[in-house]
Amino acid sequence: MVRKKSKKKELVPPTPAQLSKWDRKFVWHPFTQMQEWEQDDPLIIEKAKGAYLYDIHGHKYLDGTSSIWVNLHGHRHPTIDKAIREQLHKVAHSTLLGAASPPSIVLAKELIKIAPKGLSRVFYSDDGSTAVEVALKMAIQFWQQQSPPAKKKRKFVRLDLAYHGDTAGSMSVGGVKLFHERFKPLLVDTISIDAPYCYRCPLKLQYPSCEMACIDPLEKELSSRHKEIAGVVIEPMVQAVAGMITHPPGYISRVRKLCTQYNVLMIADEVATGFGRTGQMFACDHEKVTPDLMAVAKGLTGGYLPLAATLATEKIYQAFLGNYDEFKTFFHGHSYTGNALGCAAALANLEIFLAEKTLAKVRTNSRLFKQLLKPVAALPIVGDIRQSGMMVGIELVKNKETREPFPLTARIGHEVAMDCRKHGLLIRPIGNILVVMPPLRLTVRELRLMTSILYRSLK
Ligand SMILES: *Cc1c(COP(=O)(O)O)cnc(C)c1O
């Protein structure tokens, strides 16, 4: 008998040209004008190591945005790689609805250990947006389940220019016109107060002689309307998407005090600031503030897998307890809640913080980074550099004296970012602000390289 030749085809990997063509034909990219995208050869990242990304042509780039603010210890860190592989030998995913799993249990315990004191319960979800959404829903239900019920407490106070995600609830507490305005029909009404944007102070004052006058409207709103306010939502210390607006020292403590005074919940969105970015594990730690609810995501798995959590105080948790027929249950959950691979990666992430003394490294790195950025700050196009730990925003201006901004249509940030890319640095601007947020443990050489590329492109 003549054996027929095997019909099984070897899977031929697509060529770079095919990938480029198919991406433009089939993929709809986030926050991207696709008409423009289709006309260009897309950057296609194939692999990575440490702080570097490699495209399909073998070009090497420093990951200056930590792959949009998620990566902490570099790519392909052996500890996280290994943790995921080991978990894969057991199970990739099992549900938390009606069952528990070892990685999600241990991670919750570890998170509570490092979280601001007083947070005691962990509710898992998948992304920053969902973690915020969960916090908002918990807040609303919490007030309904007081005795007597405070059903009128259902409004949220938010800061102008805030960003908390792209789902309806998280958009409602956002304040970026360009992203949120058009979805108004979907959103709930919120109370907005000015952001403490010192470089462009809404009150035209100067810190510290202003005595943080920008927070007075918060007190006014809370004192007159606290009976209808469920909570104040805030990105503590750094409003990242707004352009790395760094809050003056004492700001979040004041917010905490006011929330306590007027009996509204403080909801801290640590999605960008959490896990060491600012030099402390959480931004709230700088002022020893404990929010009532805290959302974490981006850095939670070290930038490996989508996993998020909303942390709550015992007081909030207790308000949801009762007999089944009281219907105090929190009816919320996602298919992949508490995913085992994600939790295993997150546990490895936390292990690295201890093993490599990451927080101390962030502090020395951010001091050096600040030093290296001095010549950049002196450039005529650079209006302001705002830095908190390894989170840096460089605001570009048309006129340094008058602080006149470039029109958004000039796309100056985009132009600089494209030039940086040519020289091997990937960054993603937000309008006129260059956001630089590299992995936490860059070497001195990498830091110098990054700053010199920035300097060259800006010049
Ligand atoms: C990125 C971000 C979010 C949204 O997180 P996703 O994971 O993109 O949904 C929410 N809040 C802040 C402060 C963020 O930076």
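With respect to A213, determine if the residue is among the hydrophobic types (A, V, I, L, M, F, W, C), surrounded by fewer than 23 Cβ atoms within 10 Å (Cβ to Cβ) and within 15 Å of the ligand (Cβ to nearest atom). Against the criterion (among the hydrophobic types (A, V, I, L, M, F, W, C), surrounded by fewer than 23 Cβ atoms within 10 Å (Cβ to Cβ) and within 15 Å of the ligand (Cβ to nearest atom)), A213 does not qualify.
Is one or more of the residues making up the range 164-171 modelled with pLDDT under 95 and aliphatic (A, V, I, L, M)?
No, the range 164-171 contains no residue that is modelled with pLDDT under 95 and aliphatic (A, V, I, L, M).
Exactly one residue among F320, F331 is in contact (Cβ under 8 Å) with a residue 24 or more places away in the chain, surrounded by fewer than 17 Cβ atoms within 10 Å (Cβ to Cβ) and assigned to a loop (DSSP other than H, G, I, E, B), and that residue is F320. Please indicate, with yes or no, whether at least one residue in the range 412-429 is charged (D, E, K, R), touching a strand residue (DSSP E or B) at 6+ places or on another chain (Cβ under 7 Å) and more than 18 Å from S67 (Cα to Cα). No.
How about the range 258-273: which of its residues are touching a His at 6+ places or on another chain (Cβ under 7 Å) and more than 16 Å from L119 (Cα to Cα)? Matches in the range 258-273: Y262, N263, V264. Looking only at the range 278-308, which residues are more than 10 Å from the ligand (Cβ to nearest atom), charged (D, E, K, R) and touching a helix residue (DSSP H, G or I) at 6+ places or on another chain (Cβ under 7 Å)? Selection gives E287, D292. Applying the criterion of being in a helix (DSSP H, G or I) and open to solvent by less than 30 Å² (accessible area, probe 1.4 Å) to the residues of the range 74-83, the residue that is nearest to the ligand (Cβ to nearest atom) is I80.
The residues listed here are N323, N339; of these, the one that is polar (S, T, N, Q) and within 16 Å of the ligand (Cβ to nearest atom) is N339. Filtering the range 148-174 to residues that are within 11 Å of the ligand (Cβ to nearest atom) and not hydrophobic (A, V, I, L, M, F, W, C) leaves Y163, H164, G165, D166, T167, S170, G174. Here I412 qualifies as crowded, with 16+ Cβ neighbours inside 10 Å, under 22 Å from A242 (Cβ atoms) and touching a Phe, Trp or Tyr at 6+ places or on another chain (Cβ under 7 Å).
Of the candidates Y207, Y199, the single residue that is touching a helix residue (DSSP H, G or I) at 6+ places or on another chain (Cβ under 6 Å) and more than 30 Å from Q144 (Cβ to Cβ) is Y207.
With respect to R448, determine if the residue is assigned to a loop (DSSP other than H, G, I, E, B) and open to solvent by 40 Å² or more (accessible area, probe 1.4 Å). Here the answer is no, as R448 does not meet what is asked.
Give the range 232-243 a look and list any residue that's open to solvent by less than 10 Å² (accessible area, probe 1.4 Å) and either on the phi < 0 side of the Ramachandran plot or within 11 Å of the ligand (Cβ to nearest atom) (or both), or say none. Of everything in the range 232-243, those that are open to solvent by less than 10 Å² (accessible area, probe 1.4 Å) and either on the phi < 0 side of the Ramachandran plot or within 11 Å of the ligand (Cβ to nearest atom) (or both) turn out to be V232, V233, I234, P236, V238, Q239, A240. Checking every residue in the range 254-274 against the condition of being hydroxyl-bearing (S, T, Y), within 12 Å of the ligand (Cβ to nearest atom) and either open to solvent by less than 10 Å² (accessible area, probe 1.4 Å) or on the phi < 0 side of the Ramachandran plot (or both) gives at least one match.
The values are calculated or read from the model by the stated rules, or taken from the named source; none is laboratory data. As the structure is a prediction and not an experimental result, all values here were calculated from the model. Methodologically, a virtual Cβ is constructed for each residue, glycine included, from the backbone with ideal geometry; neighbour enumeration extends over all protein chains shown. Just so you know, the surface numbers come from the protein's heavy atoms only, side chains and all, with ligands and any DNA or RNA stripped out. Shrake-Rupley method; radii C 1.70, N 1.55, O 1.52, S 1.80 Å.
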